[in-house]
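Asker: Structure incoming, see below.
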Amino acid sequence: MNVFHFRRPDSSLALYIDGNLQFDSRDEAVYHESLALPPLCLSNQPKKVLLCGGGDGLALREVLRYPGIESVTLIDCSQEVLDFARAELNVLNDGALDDPRVSVVVADALTYPLPERTFDAIICDFTFPTTKESSQGFTAEWYQALERALSDDGVLAINAVSPQNTPSAFACIVATLRSTGLKTLPYRVCIPSFRDHGYGAWGFVLAARRRLTIGELRRIDCPVVTRQADLSKLARGARFSSKARLGFAMAPINRSDKPVLQALLLNQRESSFALTTDSPPDFPNLVQQVEITHPYHSRNMIEALAEQVAGSLHSIDLRKLVEELTARAKRLPQRIVDELTNIGNYLSRTVLDLDVWGLWASRLFATLLLVMTIANSISPDPAFAKGGEGLGHASFSRGFTSHEGFGGASTSVSRPISGRGFTSTYGRDPVDVYGYHYTPRIYLYGHYGGYGGYGNYGGYGGYAGNGRGGNGAYHEPYDPQPHKPLFVLDDDLLAMDNGDFVIPLSDSVFLVLAESQVNLVDTQGNKPLMPIFAEPKLFDSIRSEVAAQTKDLGREVSTRKDWLSWVGWTSSLFSTVKADDLEFRNLQDLQRRLGGAMKRLGNSSESHSIAAGEDEVELFVGCYVLNDNRIAIYTPGGHRAIADGKTMVTPTGQTIPLNPQLKTAITSVLKKMIKESQQDMNSDITENKSLLAEQASTQKDLNDYQSILIQSGSDPAYEVDYGTDSIPVSQAIDKTQQDLTSITIDIAALEASYSKSQTEMARFQSALQTWSS
């Protein structure tokens with residue numbers, strides 16, 4: 001750890017650790033009051049506090065000023081910082097480290113054993129994470145340890161990163177905290193010295209077992225007189241757009257075994273590179289393509305290097321270089337190809353004498369960015385991957401009566417395939433298009449005569465008119481074989497190693513799709529239950545999803561092929577190139593397999609989709625719950641069989657005993673859908689409460705701004721605080737009205753979603769009660 005400080009002539013002091021500003025004494029109270037006081041105010045009469053990091057004693061100073069604090073445990077790994085705090089910062093931190101209520105522990109907080117349910121407030125004041133090791137203080141595992149140490153009514157506060165400069169990384173930290181089960185309340189504060197260093201508005205996150213609201217921040221009652229921070233304005237910094245809130249929900253989780261935070265911090269697709277000359281064309285998109293691959297690299301360093309290198313590159317034939325780069329750039333986004341073409345056109349009509357060369361030599365770096373971008377594909381960035389641990393949500397097998405399409409039908413990945421699955425687990429564990437692998441599950445089933453003969457399904461074969469009928473017994477020998485998922489197209493759409501598609505419906509039953517047919521298979525007895533109506537929309541959705549992801553695979557295969565054509569000969573020298581070659585071959589293999597799977601899938605054998613009745617609620621594709629709790633199952637040809645839990649009425653009107661395995665299967669899907677409906681409702685309730693609180697606070701803001709406008713003599717340019725910024729009151733009113741409209745729309749959508757889930761769950765519960773009895 002490199003600790004550096006300097007004092008100014010006015011005796012103010014700034015402290016840097018590993019090159020990052022920790023505080024400036026001129027405004028440090030803004031930071032430390034905003035971090036330490038909110039969790040104390042929102043907890044219930046805090047007495048015991050844990051402070052992780054913060055060896056400078058400044059956050060500790062704020063904690064000790066709070067009435068009723070009995071003990072503080074401060075854990076910091078740097079004896080150097082602690083000694084500096086006692087010597088140089090003793091006046092600034094009010095001698096906090098020597099307070100008798102404080103226990104100072106010199107240790108790594110991440111490995112220090114913490115007592116459970118002990119601390120009424122926990123404050124993390126770690127340094128900005130610049131390495132993989134320092135990012136461990138922002139992992140789910142660490143936050144889980146803090147959750148266990150937090151008292152039931154306690155509040156946790158962490159120093160995060162900038163939601164302005166690094167929104168993806170900030171969202172990752174919020175999502176990681178949420179993954180522990182804690183409820184979070186993120187907010188941002190403008191700290192002048194941070195702003196001057198280009199850090200942007202700084203982010204903090206509060207977390208607790210109970211729900212924390214923006215309204216609590218607005219009404220915060222702090223018994224401590226603050227020096228610089230206005231805690232009543234924190235509520236404005238806690239307002240985030242719908243897009244940002246969605247980012248909190250969708251961001252990846254930073255785990256010790258799957259770290260993503262560091263890469264998100266390093267690759268924000270932003271640049272400080274300034275193009276100052278008007279003569280040559282500008283290249284902003286080329287600049288933004290550079291990926292920083294090391295925490296100690298900065299764009300300023302790269303720019304300075306480029307300027308030095310450019311001075312010695314006068315012998316390069318720039319026209320030829322740009323021509324070659326443009327030829328290689330055909331698979332890059334069109335805006336970048338356009339910029340390279342613009343460069344080429346400029347060079348074709350420009351005489352590059354020494355004067356002209358000196359005018360824009362530093363801008364040669366723009367043409368070299370493409371080379372750097374291609375070179376960075378040697379170590380693809382895993383930060384933008386998704387993935388998960390399990391499979392089986394019911395999304396893909398439902399909704400065909402109302403949904404127009406799925407994600408793959410209208411959008412493609414448009415992000416790099418970058419996980420490790422295509423080099424480490426492909427062919428062994430299922431992977432998704434991002435290269436992340438999932439927990440494998442074996443599916444046992446056979447081909448049952450090629451899925452074509454309905455008679456193979458015993459008693460239910462006769463529904464379609466071409467089977468033998470019977471009492472549900474299986475008359476022909478079958479040979480179930482174990483099959484593994486190869487590729488995860490969606491949480492519940494799997495491409496199997498044999499070219500089939502499988503949709504898991506529950507732990508007891510799944511659908512197999514192949515050769516234009518859909519079949520329901522029992523996982524317990526590994527037996528076929530019955531053929532299901534081959535819904536054309538299901539086949540269309542699968543084709544759209546496969547087509548979109550195959551397109552992304554093709555793009556990545558082309559990129560790697562192009563890259564390996566340059567450096568493939570070094571694979572015996574460099575393990576990363578060898579891994580690229582393996583990934584390339586695995587991606588090609590997946591392309592081939594998906595192509596074969598699409599041929600094997602075929603088109604639906606049905607000419608029309610099912611027009612479900614108003615009284616029918618879809619359980620899964622081809623299966624509906626009726627209002628009298630009977631279950632309608634559509635068989636090939638659109639014929640409908642109806643079961644009541646005991647018997648089944650065939651499409652020909654014959655009543656037969658219900659297959660016990662089919663009853664178990666239907667019951668298991670009902671249970672799963674009840675659980676998922678409840679989860680959806682709970683999620684909607686929580687989000688709706690938050691939105692209603694935000695709606696009320698936003699309406700209050702609007703009223704305040706309108707009053708200020710009147711008091712200012714209707715001067716629209718009158719400056720007011722808006723979040724962490726100061727803007728004209730007219731703009732504040734417009735923005736707040738837009739926020740209010742957006743919140744109202746979100747509330748209406750949530751209420752509709754809740755109502756739908758509530759209706760469906762009631763139908764599922766009623767049906768389950770009937771079938772269980």
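Asker: Out of the residues in the range 13-46 that are over 32 Å from the mean Cα position of the chain (by Cα) and surrounded by fewer than 15 Cβ atoms within 10 Å (Cβ to Cβ), which is nearest to L156 (Cα to Cα)?
Answerer: N44
Asker: Quick check on my filter: what residues within the range 66-112 are under 39 Å from the mean Cα position of the chain (by Cα), part of a loop (DSSP other than H, G, I, E, B) and among the acidic types (D, E)?
Answerer: If the condition is that a residue be under 39 Å from the mean Cα position of the chain (by Cα), part of a loop (DSSP other than H, G, I, E, B) and among the acidic types (D, E), then D108 is the only one that fits.
Asker: Let me ask something else about it. With surrounded by fewer than 19 Cβ atoms within 10 Å (Cβ to Cβ) and either at pLDDT below 90 or of a type in the set (G, A, S) (or both) as the only criterion, which of Q737, Q679, Q706 stands out?
Answerer: Q679
Asker: Right, next: Might you check whether a residue that is outside the structural domain of A547 (by TED's automatic domain parsing), within 30 Å of I743 (Cα to Cα), open to solvent by 20 Å² or more (accessible area, probe 1.4 Å) and within 37 Å of the chain's Cα centre (by Cα) occurs anywhere in the range 661-668?
Answerer: No, the range 661-668 contains no residue that is outside the structural domain of A547 (by TED's automatic domain parsing), within 30 Å of I743 (Cα to Cα), open to solvent by 20 Å² or more (accessible area, probe 1.4 Å) and within 37 Å of the chain's Cα centre (by Cα).
Asker: Going through the range 217-239 one residue at a time, which ones are open to solvent by 70 Å² or more (accessible area, probe 1.4 Å) and under 17 Å from L64 (Cβ atoms)?
Answerer: We begin by selecting, within the range 217-239, every residue open to solvent by 70 Å² or more (accessible area, probe 1.4 Å); these are 219, 221, 223, 225, 227-228, 230, 233.
Of everything in the range 217-239, those that are open to solvent by 70 Å² or more (accessible area, probe 1.4 Å) and under 17 Å from L64 (Cβ atoms) turn out to be P223, V225, R227.
Asker: Quick check on my filter: what residues within the range 423-437 are more than 16 Å from the chain's Cα centre (by Cα) and under 18 Å from V546 (Cβ atoms)?
Answerer: Of everything in the range 423-437, those that are more than 16 Å from the chain's Cα centre (by Cα) and under 18 Å from V546 (Cβ atoms) turn out to be Y426, P430, V431.
Asker: Let me ask something else. How many residues are in contact (Cβ under 8 Å) with a residue 12 or more places away in the chain and either more than 19 Å from N586 (Cβ to Cβ) or outside any helix (DSSP H, G or I) (or both) if we restrict to the range 541-573?
Answerer: The initial filter retains those residues of the range 541-573 that are in contact (Cβ under 8 Å) with a residue 12 or more places away in the chain, namely 541-564, 566-568.
In the following step, the residues that additionally are either more than 19 Å from N586 (Cβ to Cβ) or outside any helix (DSSP H, G or I) (or both) were identified as 541-545, 547-548, 566.
Total satisfying the criteria: 8.
Asker: Another question about this same structure. If we scan the range 260-279, do we find a residue that is open to solvent by 80 Å² or more (accessible area, probe 1.4 Å), modelled with pLDDT of 60 or more and either assigned by TED's automatic domain parsing to the domain that holds L740 or not hydroxyl-bearing (S, T, Y) (or both)?
Answerer: From the range 260-279, those open to solvent by 80 Å² or more (accessible area, probe 1.4 Å) are 269-270, 276, 278; that's our starting set.
Checking the rest, the ones that are also modelled with pLDDT of 60 or more come to none.
So far as the range 260-279 goes, no, none of its residues is open to solvent by 80 Å² or more (accessible area, probe 1.4 Å), modelled with pLDDT of 60 or more and either assigned by TED's automatic domain parsing to the domain that holds L740 or not hydroxyl-bearing (S, T, Y) (or both).
Asker: Would you be able to say whether some residue in the range 60-82 is touching a residue at least 40 places away in the same chain (Cβ under 8 Å), among the aliphatic types (A, V, I, L, M) and crowded, with 24+ Cβ neighbours inside 10 Å?
Answerer: Yes, the range 60-82 contains at least one residue that is touching a residue at least 40 places away in the same chain (Cβ under 8 Å), among the aliphatic types (A, V, I, L, M) and crowded, with 24+ Cβ neighbours inside 10 Å.
Asker: Tell me which residues, restricted to the range 539-583, are closer than 15 Å to D490 by Cβ and basic (K, R). Outline the logic, then answer.
Answerer: Here is the first cut: in the range 539-583, the residues closer than 15 Å to D490 by Cβ are 539-550, 552.
Passing the criteria: only R543.
Asker: Does any residue of the range 537-549 turn out to be under 21 Å from L670 (Cβ atoms) and at pLDDT 90 or above? If you could, list the steps in order and put the result at the bottom.
Answerer: Initially, the range 537-549 is screened for residues under 21 Å from L670 (Cβ atoms), giving 538.
Going one step further and asking which of them are at pLDDT 90 or above, we end up with 538.
Checking the range 537-549: at least one residue is under 21 Å from L670 (Cβ atoms) and at pLDDT 90 or above.
Asker: The conditions are (1) open to solvent by 10 Å² or more (accessible area, probe 1.4 Å); (2) at negative phi; (3) among the charged types (D, E, K, R), and D492 fails exactly one of them. Which is it?
Answerer: (1)
Asker: Ok, one more. Among (1) among the β-branched types (V, I, T); (2) open to solvent by less than 60 Å² (accessible area, probe 1.4 Å); (3) under 28 Å from the mean Cα position of the chain (by Cα), there is one condition T770 misses while meeting the rest; what is its number?
Answerer: Condition not satisfied by T770: (3).
Asker: Still on this model: Restricting attention to the range 131-161, and to residues there that are among the hydroxyl-bearing types (S, T, Y) and more than 22 Å from Y187 (Cα to Cα), which single residue is least open to solvent (accessible area, probe 1.4 Å)? So that I can check it myself, show each step before the final result.
Answerer: Restricting attention to the range 131-161, the residues satisfying the condition of being among the hydroxyl-bearing types (S, T, Y) are 131, 134-135, 139, 143, 151.
Subsequent filtering for residues that are more than 22 Å from Y187 (Cα to Cα) retains 131, 134, 151.
On the way: T131: 33, S134: 39, S151: 16 Å².
Looking at the filtered set, the residue picked out is S151.
Asker: State which residue pairs qualify: first residue closer than 15 Å to P39 by Cα and outside the structural domain of I743 (by TED's automatic domain parsing) and inside the range 224-241, second residue among the hydroxyl-bearing types (S, T, Y) and open to solvent by less than 10 Å² (accessible area, probe 1.4 Å) in any location, beta carbons under 6 Å apart, and separation of 6 or more residues or different chains.
Answerer: Close Cβ pairs (under 6 Å, with a partner that is among the hydroxyl-bearing types (S, T, Y) and open to solvent by less than 10 Å² (accessible area, probe 1.4 Å)) amount to A229/S34; L234/Y187; A238/Y187.
Asker: Go through the range 163-185 and report how many residues are among the basic types (K, R) and open to solvent by less than 20 Å² (accessible area, probe 1.4 Å).
Answerer: Step one: filter the range 163-185 for residues among the basic types (K, R), giving 178, 183.
In the following step, the residues that additionally are open to solvent by less than 20 Å² (accessible area, probe 1.4 Å) were identified as none.
The total comes to 0.
Asker: Going by what's in this entry, would A251 be described as open to solvent by less than 20 Å² (accessible area, probe 1.4 Å) and in contact with a helix residue (DSSP H, G or I) (Cβ under 8 Å, 6 or more places away or on another chain)?
Answerer: Working: open to solvent by less than 20 Å² (accessible area, probe 1.4 Å): yes; in contact with a helix residue (DSSP H, G or I) (Cβ under 8 Å, 6 or more places away or on another chain): yes.
Spelling it out, A251 is indeed open to solvent by less than 20 Å² (accessible area, probe 1.4 Å) and in contact with a helix residue (DSSP H, G or I) (Cβ under 8 Å, 6 or more places away or on another chain).
Asker: I need a count of the residues in the range 1-28 that are of a type in the set (G, A, S) and in contact with a Leu (Cβ under 8 Å, 6 or more places away or on another chain). Reasoning before the result, please.
Answerer: Filtering the range 1-28 for residues of a type in the set (G, A, S) gives 11-12, 14, 19, 25.
Okay, now just the ones that are also in contact with a Leu (Cβ under 8 Å, 6 or more places away or on another chain), so 14, 25.
Qualifying residue count for the region: 2.
Asker: For E614, which of the numbered conditions (1) part of a loop (DSSP other than H, G, I, E, B); (2) at pLDDT 90 or above; (3) open to solvent by 60 Å² or more (accessible area, probe 1.4 Å) fails to hold?
Answerer: The single condition E614 does not satisfy is (2).
Asker: I need the full set of residues from the range 145-176 which are closer than 16 Å to A238 by Cα and either assigned to a helix (DSSP H, G or I) or outside the structural domain of E33 (by TED's automatic domain parsing) (or both), in order please.
Answerer: Matches in the range 145-176: P167, F170, A171, I173, V174, A175.
Asker: Considering L750, L709, which residue is within 31 Å of the chain's Cα centre (by Cα) and more than 30 Å from K663 (Cα to Cα)? Lay out the reasoning, then the answer.
Answerer: Working: L709 fails: within 31 Å of the chain's Cα centre (by Cα).
Testing whether each residue is within 31 Å of the chain's Cα centre (by Cα) and more than 30 Å from K663 (Cα to Cα) leaves just L750.
Asker: Does V63 satisfy the condition of being within 22 Å of E216 (Cα to Cα) and assigned to a strand (DSSP E or B)? Walk me through it before giving the result.
Answerer: Numbers: within 22 Å of E216 (Cα to Cα): yes; assigned to a strand (DSSP E or B): no.
So V63 does not fit the description; no.
The values are calculated or read from the model by the stated rules, or taken from the named source; none is laboratory data. It should be emphasised that the depicted structure is a prediction, and the values quoted were computed from it without experimental measurement. Positions of Cβ are backbone-derived with ideal geometry, glycine not excepted, and every protein chain shown enters the neighbour counts. Just the protein is used for accessible areas: all its heavy atoms, side chains included, with ligands, DNA and RNA removed. Shrake-Rupley method; radii C 1.70, N 1.55, O 1.52, S 1.80 Å.
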